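Trainee: Below is a structure I'd like to ask you about.
The values are calculated or read from the model by the stated rules, or taken from the named source; none is laboratory data. Please read all numbers here as calculations on a predicted model, not as lab measurements. Virtual Cβ from ideal backbone geometry, glycine too; neighbours counted across all protein chains shown.
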Amino acid sequence: MKQPLNRAKAVITSDDSVRELLEMLRHLPKEAAAALLKGANQGAQILLGLAIKERFTGKGPFPVVRKRLGVRSGRLRRSLRATKAKVARGVVSLSMGSSVKYFGTHEFGRKGQERVKAHNVKKHKVRNAFGSGKTLTRQASYRQAHLRNANHRARQPLQAAIKQHAVRVFGVSIEQALIRRIEGRSS
């Protein structure tokens with residue numbers, strides 16, 4: 001069963017000139033609207049690539065303030081997707097996210113209790129046990145299911161990439177798509 005995307009959301013505010021441009025685009029023919037959507041979709045893919053390159057790479061763990069995630073298996077990085085852009089009431093919208101369960105925890109944080117399944121613990125060594133400087137060996141054991149308090153701070157790697165690059169990337173992508181549409185039509 002395919003899980004829904006845990007989506008990162010960032011609202012891009014703009015000045016009056018961009019609002020005027022959007023108002024003009026509302027009255028353009030459907031061909032221009034299609035070019036606008038195509039540019040937005042291309043921009044989303046470029047933005048995801050930048051996010052992966054800058055915020056989902058490297059050997060972690062990184063401090064929360066750096067808004068980066070280190071790579072362990074690459075599963076989260078491979079699962080990042082963007083939905084197709086849609087126009088509703090003159091607003092172009094799309095979302096980005098992942099279907100990986102723990103993406104939401106890293107992107108938005110979580111506070112409260114979380115369930116820990118029953119599990120076996122292998123025999124292992126504990127260095128400097130109780131501050132004594134000695135190494136103790138813990139025997140294998142079984143841990144029952146229980147609840148633990150969790151306080152995961154939001155790292156926001158995708159939101160940070162969106163805030164950093166979205167205006168520039170979407171502006172260029174949409175502009176190029178509109179230019180290609182106009183040149184293709186005039187030739």
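Trainee: Could you list, in sequence order, the residues of segment 38-62 that are free of Cβ contacts under 8 Å to residues at least 60 places away in the same chain, in a helix (DSSP H, G or I) and either over 13 Å from Leu158 (Cα atoms) or among the polar types (S, T, N, Q) (or both)?
Mentor: Asn41, Gln45
Trainee: Among (1) assigned to a strand (DSSP E or B); (2) at pLDDT 90 or above; (3) not charged (D, E, K, R), where does His165 come up short?
Mentor: (1)
Trainee: Is it the case that Val65 is assigned by TED's automatic domain parsing to the domain that holds Leu47 and either touching a residue at least 24 places away in the same chain (Cβ under 8 Å) or under 30 Å from Gln42 (Cβ atoms) (or both)?
Mentor: When the stated conditions are applied, Val65 does not pass them.
Trainee: For the subset of segment 167-178 comprising residues that are crowded, with 18+ Cβ neighbours inside 10 Å and small (Gly, Ala, Ser), which member is nearest to Gly43 (Cα to Cα)?
Mentor: If we take residues in segment 167-178 being crowded, with 18+ Cβ neighbours inside 10 Å and small (Gly, Ala, Ser), then Ser173 is nearest to Gly43 (Cα to Cα).
Trainee: Name the residues in segment 68-90 that are touching a residue at least 60 places away in the same chain (Cβ under 8 Å) and of a type in the set (A, V, I, L, M, F, W, C), would you?
Mentor: Residues satisfying the conditions are Leu69, Leu80.
Matching residues to (1) modelled with pLDDT of 90 or more; (2) farther than 30 Å from Leu36 by Cα; (3) surrounded by 14 or more Cβ atoms within 10 Å (Cβ to Cβ):
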{"position": "Arg81", "(1), (2), (3)": "yes, no, yes"}
{"position": "Gly97", "(1), (2), (3)": "yes, no, yes"}
{"position": "Lys101", "(1), (2), (3)": "no, yes, no"}
{"position": "Glu107", "(1), (2), (3)": "yes, no, yes"}
{"position": "Val121", "(1), (2), (3)": "yes, yes, no"}
{"position": "Thr135", "(1), (2), (3)": "no, yes, no"}
{"position": "Ala145", "(1), (2), (3)": "yes, yes, no"}
{"position": "Arg155", "(1), (2), (3)": "yes, yes, yes"}
{"position": "Ala161", "(1), (2), (3)": "yes, no, yes"}
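Trainee: Next up: Quick one: would you say Arg181 is surrounded by 10 or more Cβ atoms within 10 Å (Cβ to Cβ), of a type in the set (D, E, K, R) and not assigned by TED's automatic domain parsing to the domain that holds Phe62?
Mentor: no
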